[in-house]
Amino acid sequence: MLSCLVLALECGGKSVLTVEGLGVDGKLHPLQDAFADLGAAQCGYCTPAILVTAKALLDQNPPPNREQIREALSGTLCRCTGYLQIFEAVEAAMVKISEQANAGT
Ligand code: FES
């Protein structure tokens with residue numbers, strides 16, 4: 001959801017996840033780690049929307065291919081980084097999440 005198009009009143013009784021809520025127990029989410037490690041964010045203006053959108057994608061459709069990642073993130077424009085790093089960071093996070101799931105963590 002685009003938060004600028006949703007009234008707070010419409011969120012009553014619903015779960016709302018923002019980028020601040022991605023991490024757990026003081027640890028960054030694998031997407032946040034991958035974006036930092038791979039230089040997928042610079043000014044950070046676009047990053048919260050991309051991170052939350054990517055999390056929704058990975059939650060709903062694991063594992064997406066590059067075209068599905070591109071399509072899912074197409075609604076958020078980044079003027080700084082370049083999309084290659086962003087796509088690679090999502091893919092790296094996908095691997096990390098899969099490893100964590102297999103390890104039972
Ligand atoms: S990092 Fe600056 S707009 Fe994306």
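Each Lys and Arg contributes +1 and each Asp and Glu -1, all at the Cβ; summed about the Cα centre of the chain, the dipole is approximately 160 debye.
Dividing the summed helix terms, -39500 (n - 2.57) for each DSSP H run of n ≥ 4, by the number of residues in the chain produces a 222 nm estimate of -15000 deg cm²/dmol to the nearest 500.
Using a cutoff of 8 angstrom between alpha carbon atoms and counting only pairs six or more residues apart, the relative contact order for the stretch 27-103 works out to 47 percent.
Extension gain, Asp33-Lys14: 0.36 nm per intervening residue step, less the Cα-Cα distance, totals 4.1 nm.
Write down the accessible area per residue of the stretch 27-103 in Å², having rolled a 1.4 Å probe over the full set of protein chains.
Value for the stretch 27-103: 58 Å² per residue.
Ordered by solvent-accessible area of protein heavy atoms (1.4 Å probe), largest first, the residues Glu20, Glu10, Glu71 come out as Glu20, Glu71, Glu10. Membrane-span-like helices in the chain, defined purely by DSSP H runs whose alpha carbon atoms cover 27 Å or more axially and whose average Kyte-Doolittle hydropathy reaches -1.0, are 83-103. What shape does the chain have by the C-alpha gyration tensor, where a ≥ b ≥ c are the square roots of the eigenvalues, rounded means a/c under 1.5, and otherwise prolate means a/b greater than b/c and oblate the rest? It is oblate, given that a/c is not under 1.5 and a/b is not larger than b/c. Surface composition of the stretch 27-103: carbon plus sulfur atoms contribute 53% of the solvent-accessible area (1.4 Å probe, protein chains only, all chains present). Between Arg79 and Asp59, the FRET efficiency from the beta-carbon distance, with R0 = 22 Å, is close to 0.25. In the chain, taking the dipole from charged Cβ atoms about the Cα centre, the farthest positive-side position among Gly82, Gly26, Leu9 is held by Leu9.
The alpha carbon convex hull volume per residue for the stretch 1-57 rounds to 97 Å³.
The values are calculated or read from the model by the stated rules, or taken from the named source; none is laboratory data. Note that the structure is predicted; figures quoted are calculated from it, not measured. As a convention, Cβ positions derive from the backbone with ideal geometry for all residues, glycine included, and neighbour counts pool all protein chains shown. Accessible surface is based on the protein model in full, side chains and every heavy atom, while ligands, DNA and RNA are left aside. Shrake-Rupley method; radii C 1.70, N 1.55, O 1.52, S 1.80 Å.
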